[in-house]
Amino acid sequence: MSALYTPEMLALATQLALYPLDECFDHQASGRSKVCGSSLTIGLDLEAEGTVRRVGFKVSACAVGQSSAAILAQGAQGMSAAALADTLDAIRMWLSGEGELPDWPGFQTLAPAKERTGRHGALLLPWEAACNALSTSDCGPELSSRSASR
């Protein structure tokens, strides 16, 4: 197995400070991983055409969860709810061994987590919560109206 917490992953985790969560976001959702206990709240604001304008997080998670949230935040601007749902689907396929590494800027940094199934919940959590916040039905049936858990 390769090293899980690479310098690149740890550096990404620190980037979450650039995406603070406040009460002014139009769309918010919280989630918790049943496997590892990671939790987060995401806030999203959209442009008039429905693309992401701003994202914020409050995260209590391992470096995998923090890095996954940072990767989502760094690439989310200009993305639609459908694009986020497609990425979540691609991540699930990749983690199950049925797909390629998702095409999202910086996602390759999370590649070492694929071998660690106990970290999959933390990796998925930001993406599930984002889809839930935007009420995207394509994100999966296990998401409730205001919280995501895995």
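The values are calculated or read from the model by the stated rules, or taken from the named source; none is laboratory data. A quick note: this is a predicted structure, and the numbers were derived from the prediction, not measured. Please note: Cβ atoms are built from the backbone with ideal geometry, for glycine as well, and neighbour counts cover all protein chains shown. Side chains included, ligands, DNA and RNA excluded: accessible areas come from the protein's heavy atoms. Shrake-Rupley method; radii C 1.70, N 1.55, O 1.52, S 1.80 Å.
What trypsin sites (Lys or Arg not before Pro) in region 1-89 are in a loop by DSSP, with at most 16 other Cβ atoms within 10 Å of the Cβ?
Answer by residue number: 34.
Can you tell me how much longer the chain between residue 8 and residue 24 gets when fully stretched, taken as 0.36 nm per residue apart minus their C-alpha distance, in nm with one decimal?
The residue 8-residue 24 span can extend by a further 2.7 nm.
By the gyration tensor of its Cα atoms, with a ≥ b ≥ c the square roots of the eigenvalues, what is the shape of region 1-41: rounded for a/c under 1.5, prolate for a/b over b/c, or oblate?
Oblate, since a/c reaches 1.5 and b/c is not below a/b.
What percentage of the solvent-accessible surface of the chain, computed with a 1.4 Å probe over protein heavy atoms, is contributed by carbon and sulfur atoms?
50
Starting from region 51-131, pick out the GluC sites (Glu not before Pro) whose DSSP state is loop and whose Cβ has at most 12 other Cβ atoms within 10 Å.
98, 100
Could you work out the relative contact order of the chain? I mean the mean sequence separation of Cα pairs under 8 Å and 6+ apart, divided by the number of residues, in percent.
Relative contact order for the chain comes out at 30 percent.
Could you calculate the FRET efficiency of residue 108 with residue 45 from 1/(1 + (r/R0)^6), where r is the beta carbon distance between them and R0 is 30 Å, rounded to 0.05?
0.60
For Cα pairs less than 8 Å apart in space and 6+ apart in sequence, what is the mean separation divided by the residue count of region 1-75, i.e. the relative contact order in percent?
34
Indicate the gyration tensor shape class of region 61-143 (rounded, prolate or oblate), computed on the Cα atoms with a ≥ b ≥ c the square roots of the eigenvalues: a/c under 1.5 is rounded; otherwise a/b larger than b/c is prolate and the rest oblate.
Rounded shape, in that the Cα axes give a/c under 1.5.
Region 1-102: which chymotrypsin sites (Phe, Trp or Tyr not before Pro) are DSSP loop and have at most 15 other beta-carbon atoms within 10 angstrom?
Answer by residue number: 5.
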